[in-house]
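Engineer: I have a structure here, written as structure tokens, and I will follow up with some questions on it.
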Amino acid sequence: MRTAKLPTRYLIVILTFVCTSVCYIERVGFSIAYTIAADAADVSQSSKGTILSVFYYGYAFSQVPGGWAAQKIGGRRILLFSFVIWSLTCALCPLDPNRVTALVIARLLVGVAQGFIFPSIHTVLAQWVPPHERSRSLSLTTSGMYLGAALGMLILPSLVKFNGPQSIFIAEAVLGITWSLLWFRFANDPPRSEHPKATAAGFGESLLPVRDGQKTKADRTMHIPWRKIFLSLPVWAIVVNNFTFHYALYVLMNWLPTYFELGLNFSLQEMGSSKMMPYLNMFVFSNIGGIIADHLVTKRILSVTNTRKLLNTVGFLVSAFSLMALPLFRTSGGVVFCSSMALGFLALGRAGFAVNHMDIAPRYAGIVMGVSNTAGTLAGIVGVELTGQLLEAAKSNNSDLSSPDSWRAVFFIPGLLCLASAFVFLVFSTGERIFD
């Protein structure tokens, strides 16, 4: 009997899902390890915010170059190169809060390397995945971020407890190299002959990479419409929502451990599995959003445009109110519930703005993703560092960080940004292809 063979595009989606999981295990892991080491060394909150935000400077710098490189060299190759670089950096980086220069250089390098990853993923998925599978494929891939964050929050505090903060870096390096080997073994570029439906759907031959010796003159001289991209209102609608999504996500990812430890006086090691719930909720809601979006589009219940707007608006509005309510809760259960609602519905909203890159510009998905993700990364720089400064000022006024007033601005700012971004996307976005 012949055994059923898993279609290559499904294997690619699974590997990119694991890719994003490992990336976010690294990010959560550094936040946990550095927070514990810095608190033990009595590092100030503003200094912590600076170190935690350094990653995002490197990450922002490499977004657009990452999209360009994926377009010119190939997303498969760039993904492999990026993973090897940041994995080796984690393996070699010393976790000593007093060695600031070494930490800054290491985090910048990890940020630059990881900045190439998501534009490359969008390029790879735009090459392999037909339009009617894009929402759930991208939702599954990006939900790996949240599963990785959940697993990191669940497992890594215990790893620190038994082996110390440095052990997190070693574990992350091992995961990164393991994924690199799997990607090298199983990933490949799609031959044109496997995509008869691709060209008809508008993302086919001109987008797909070509084997050596087969390049045409059009392939070699493909023009990237930079001016049109930067002047497009639908692109800016994606950019604004990407900024807000990542502002809220990075603030919670980097500062929620501090909120539990200093704001509520709870130990992460003693909270059990509850601390992973916000990110597990993101994993679930991200996939729910993708399934709902593809169902609405495939069954022609709503147009692509209205589907994107509906899910984005619902996700960002619920998230906004959850974020603003978060400092009102003074129990771990209440905070976990509120942060789970906020992050879960943000993930639902990704079935709106995050898939929209491939709707409006399938041929330049990596480029547009690089542009919008640059904005998302700037949100990490601004949000993480600003939060540290807000908390340092609150500590000066209130003597400690256990008061709800010390954290109100921290959560109100992303809440208000969610309200504004939902409006922008509702007015200016489209699901129609606007770049040939």
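Engineer: Let me know the Rg and Dmax you get for the range 70-112 when you use only its Cα atoms, in Å.
Structural biologist: 12.9, 41
Engineer: Another question, if that's okay. Mind checking the dipole of the chain: about its Cα centre, +1 per Lys or Arg Cβ, -1 per Asp or Glu Cβ, Debye to the nearest 20?
Structural biologist: Result for the chain is approximately 1500 debye, rounded to the nearest 20.
Engineer: Explain nothing, just the number: relative contact order of the range 227-435, from Cα pairs under 8 Å at least 6 residues apart, as a whole percent.
Structural biologist: Across the range 227-435, relative contact order equals 40 percent.
Engineer: Report, in debye and to the nearest 20, how large the dipole of the range 300-408 comes out about its Cα centre when Lys and Arg carry +1 and Asp and Glu carry -1 on their Cβ. Please list the in-between numbers first.
Structural biologist: Values: 8 positive and 5 negative charges, 102 e Å.
The calculated dipole for the range 300-408 is roughly 500 debye.
Engineer: Continuing with this model, one more query. Compute the convex hull volume of the Cα atoms of the range 227-435, divide it by the residue count, and report the result per residue in Å³ as a whole number.
Structural biologist: Cα-based convex hull of the range 227-435, divided per residue, equals 109 Å³.
Engineer: Additional query: I'd like the accessible area for LEU181: 1.4 Å probe, protein heavy atoms, all chains in place, Å² to the nearest 10.
Structural biologist: 120
Engineer: Counting alpha carbon pairs within less than 8 Å and at least 6 residues apart, what relative contact order, in whole percent, applies to the range 1-189?
Structural biologist: Computed value for the range 1-189: 40 percent relative contact order.
Engineer: If the viscosity is 1.002 mPa s and the temperature 20 °C, what translational diffusion coefficient in µm²/s does Stokes-Einstein give for the range 1-189 when Rh comes from Kirkwood over Cα pairs?
Structural biologist: Here the translational diffusion coefficient equals 125 µm²/s.
Engineer: Given contacts defined as C-alpha pairs under 8 Å and at least six residues apart, what's the relative contact order of the chain, whole-number percent?
Structural biologist: Computed value for the chain: 26 percent relative contact order.
Engineer: Give me the log10 of I(q) over I(0) for the range 74-164 at q = 0.16, 0.19, 0.22, 0.26 Å⁻¹, as the Debye formula computes it from C-alpha points; what are the numbers?
Structural biologist: For the range 74-164 at q = 0.16, 0.19, 0.22, 0.26 Å⁻¹, log10 I(q)/I(0) is -0.85, -1.04, -1.17, -1.25.
Engineer: Computing the accessible area with a 1.4 Å probe over protein heavy atoms, can you report the carbon and sulfur percentage for the chain?
Structural biologist: Carbon and sulfur atoms account for 65 percent of the accessible area of the chain.
Engineer: Compute, for the range 227-435, the length of the dipole vector about the Cα centre, with Cβ point charges of +1 (Lys, Arg) and -1 (Asp, Glu) only. Units Debye, rounded to 20.
Structural biologist: In total the dipole reaches around 800 debye.
Engineer: Find the lysine pairs in the chain meeting two conditions, Cα atoms under 25 Å apart and a separation of 8 or more places or different chains, and report how many there are.
Structural biologist: Close lysine pairs found across the chain: 16.
Engineer: Can you give the Kirkwood hydrodynamic radius for the chain, in Å, rounded to one decimal and based on Cα pairs?
Structural biologist: Evaluated on the chain, it is 21.8 Å.
Engineer: Which of ASN306, ASN373, ASN241 moves most in a GNM of the chain, Cα contacts under 10 Å?
Structural biologist: Top of the fluctuation ranking is ASN306.
Engineer: Using the Kirkwood radius over Cα pairs, work out the Stokes-Einstein diffusion coefficient for the range 1-80 at 37 °C and 0.692 mPa s, in µm²/s as a whole number. Spell out each step's value before the answer.
Structural biologist: Working: Rh = 15.9 Å.
Reported coefficient: 207 µm²/s.
Engineer: With N set to the number of residues, divide the alpha-carbon radius of gyration of the range 349-388 by 2.2 N^0.38 Å and report two decimals.
Structural biologist: That ratio works out to 1.39.
The values are calculated or read from the model by the stated rules, or taken from the named source; none is laboratory data. Source: prediction; values computed, not measured. Don't worry about glycine lacking a Cβ; one is built from the backbone with ideal geometry, like all the others, and counts go over all protein chains shown. Accessible surface is based on the protein model in full, side chains and every heavy atom, while ligands, DNA and RNA are left aside. Shrake-Rupley method; radii C 1.70, N 1.55, O 1.52, S 1.80 Å.
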